[in-house]
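What follows is one structure encoded as structure tokens, with my remarks underneath.
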Amino acid sequence: MNLNHPEATQQALNILRSGNPFQWYVITLLAVVVYIYFNEIQNKNWKGIAAGISLYMVHWFVEIINICPTLQSISSTASPYLPASDFLSNFSEAHSG
């Protein structure tokens, strides 16, 4: 097998095959969350379910926003020092037509 980065690959394989990073509290928390959701579904508390899903969606939104500055600094058309309004106007000018 031809490996580009044999040291990094071997380290990743060692971590993958090791059970040390696994934490059992994750299973417990997942079971509690599933129990709460099924309990709310049984009680037909749709507002509570919507609130939980909304909170989860907000978490994903914040994570996406945290990634955006990284993507802008990587992109050749964006500058991390350029305000968002200027970036959008430059983007629309470059892609119009």
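The values are calculated or read from the model by the stated rules, or taken from the named source; none is laboratory data. In this text, all values refer to a predicted model and were calculated from it rather than measured experimentally. Areas reflect the complete protein model, heavy atoms only, side chains present, ligands, DNA and RNA absent. Shrake-Rupley method; radii C 1.70, N 1.55, O 1.52, S 1.80 Å.
Okay, here's what the table says:
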{"item": "Net length gained if the chain between ASN4 and LEU16 were fully extended (0.36 nm per residue, minus Cα distance)", "result": "2.5 nm"}
{"item": "Solvent-accessible ranking of PHE22, PHE38, largest area first, probe 1.4 Å", "result": "PHE38, PHE22"}
